[in-house]
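Note sheet for the following structure.
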Amino acid sequence: QVLCLDRAWIMSDMEKLEVWSARETAILSGGGQMEERFEQFLITDLPHYHLMRGSWRHACRQWIQRCRRCADICGVWERPLFMGGFREHTDADTDVYNVQTPSLFIDLRFPRARDVLVSQLPSTVQCVGDLTTQQLRLLARQHCFAGYSLPDWSSGSLAVTRHHIIDWNYSAQFPRSRPNQWRVQLSEDRSSFKEWSVAVDEFGQSVYMERWQRRPEDDPGRYLALYRSCGSPAVLVVVGDRFAFAEDRGTCPIVDGARGGGCAVLADAAADCGSREALEQLVGIAGCTGLVSSGDGRMPWTIERSTHPWLEG
């Protein structure tokens, strides 16, 4: 009887996370419009262009030397609303930490349905190798990506192209086919901004929109941005009292039988073909965030949220 209840609980949470993951993809694509509505772009603007060629460090150095930076969206942002294709996510179902300096960023997105899994993990879990196959599939349904936000004012208003150094959903089999490129609409007091996709539908409206709101610990006048100069990619950013860190998976596996990209899809394919090694590699990106300061019994630099939840606290 206990075993049956446990299975029912796992299936219920898996269904919730499957819905969350599929909806995130549907919203970002504007209900499947992104491919057909975004045809004119530079190949060098693709999110994984420099990552795939190993040229991201050289590109970052060039952009910084040429002052290709922007303070307008520097901050610690949460996401009250993400909408596109007649669907939406809010901060009620997704906990987002978008820590953006004038150059480097780390963006962490945790479905709240995941919290049930985290609360049930035994204390013996200390690495991805300690997780069951089902737990790995569940944790595949979150998001962490980091890189460089490249600003452009050539159209008369601010547009941003994000180049990904680290990406939870990256796969050499299925690299992202359209740029992560959007227009910025700042509120008058700069406490919020809207991210409008440059891809538009038949009515001239952006296929998706994200609204960002400053978190209380935000202070855009105080920031730090670092990336690892050699070896596997890693990024550390600090804005105000919020830090975020991301370190890439050691290997990005090729998954036999996979029909598409995204960590969740690839993890399911790896589980189906019995490739435990690939499954662990896919969930290998360590992304975390917390507060720099101490308080309320909390030590400085304590991890609050992590893609590897056994690191929290």
Suppose we filter region 216-273 for residues that are more than 18 Å from G147 (Cα to Cα) and aliphatic (A, V, I, L, M); how many remain?
10
Candidates F203, F193 - the one that is under 22 Å from L81 (Cα atoms) and open to solvent by less than 10 Å² (accessible area, probe 1.4 Å)
F193
Determine, yes or no, whether A267 is at pLDDT below 95, open to solvent by less than 30 Å² (accessible area, probe 1.4 Å) and closer than 30 Å to R37 by Cα.
no
Pairs only if they're at least six apart or on different chains, beta carbon under 6 angstrom, first in region 290-313 and small (G, A, S), second in a strand (DSSP E or B); list them, first residue then second.
G290/T302; G290/I303; G290/E304; S306/C288
R222 vs (1) at pLDDT below 95; (2) open to solvent by 70 Å² or more (accessible area, probe 1.4 Å): all pass except (1)
Only one of these conditions is not met by M52: (1) open to solvent by 10 Å² or more (accessible area, probe 1.4 Å); (2) of a type outside the set (F, W, Y); (3) closer than 21 Å to A286 by Cβ; (4) not in a strand (DSSP E or B). Which number is it?
(3)
Look at region 233-259 and say how many of its residues are more than 18 Å from the chain's Cα centre (by Cα) and within 16 Å of H143 (Cβ to Cβ).
0
Considering only residues that are polar (S, T, N, Q) and open to solvent by 10 Å² or more (accessible area, probe 1.4 Å), which ones fall in region 277-313?
Q281, S293, S294, T302
Residue selected from region 292-313 under the condition assigned to a strand (DSSP E or B) and over 19 Å from the mean Cα position of the chain (by Cα), by the criterion farthest from D115 (Cα to Cα):
G295
Could you list, in sequence order, all residues of region 264-291 that are at negative phi and either in contact with a Cys (Cβ under 6 Å, 6 or more places away or on another chain) or in a loop (DSSP other than H, G, I, E, B) (or both)?
C273, S275, L282, V283, G284, I285, G287
Those residues of region 51-83 which are at positive phi and over 17 Å from the mean Cα position of the chain (by Cα) amount to G54, C67
Out of the residues in region 157-190 that are open to solvent by 30 Å² or more (accessible area, probe 1.4 Å) and assigned to a strand (DSSP E or B), which is farthest from Q213 (Cα to Cα)?
Q181
Given the criterion out of contact with any Phe, Trp or Tyr (no Cβ under 9 Å at 6 or more places or on another chain) and at pLDDT 95 or above, identify the matching residue among P179, P111, P151, P122.
P151
Looking at region 16-50 only, could you name the residues that are of a type outside the set (K, R), under 15 Å from the mean Cα position of the chain (by Cα) and closer than 18 Å to M209 by Cβ?
E24, T25, I27, L28
Qualifying strands (runs of 3 or more DSSP E) (wholly inside region 58-156; at least 2 residues being open to solvent by 70 Å² or more (accessible area, probe 1.4 Å))
87-90
Just to be sure, is G262 touching an Asp or Glu at 6+ places or on another chain (Cβ under 8 Å) and small (G, A, S)?
no
Condition check for C230: in contact with a helix residue (DSSP H, G or I) (Cβ under 9 Å, 6 or more places away or on another chain), assigned to a strand (DSSP E or B) and either within 19 Å of L138 (Cβ to Cβ) or not polar (S, T, N, Q) (or both)
no
So for region 209-216 (the condition being closer than 14 Å to E78 by Cα, in contact (Cβ under 8 Å) with a residue 24 or more places away in the chain and in a loop (DSSP other than H, G, I, E, B)), does at least one residue qualify?
yes
With the structure loaded, tell me whether R259 is open to solvent by 30 Å² or more (accessible area, probe 1.4 Å) and without any contact (Cβ under 8 Å) to a residue 24 or more places away in the chain or whether it fails that test.
yes
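The values are calculated or read from the model by the stated rules, or taken from the named source; none is laboratory data. Please read all numbers here as calculations on a predicted model, not as lab measurements. No Cβ is skipped: glycine too gets one built from the backbone with ideal geometry, and neighbour counts run over all protein chains shown. The area values use the complete protein model at the heavy-atom level, side chains included, leaving out ligands, DNA and RNA. Shrake-Rupley method; radii C 1.70, N 1.55, O 1.52, S 1.80 Å.
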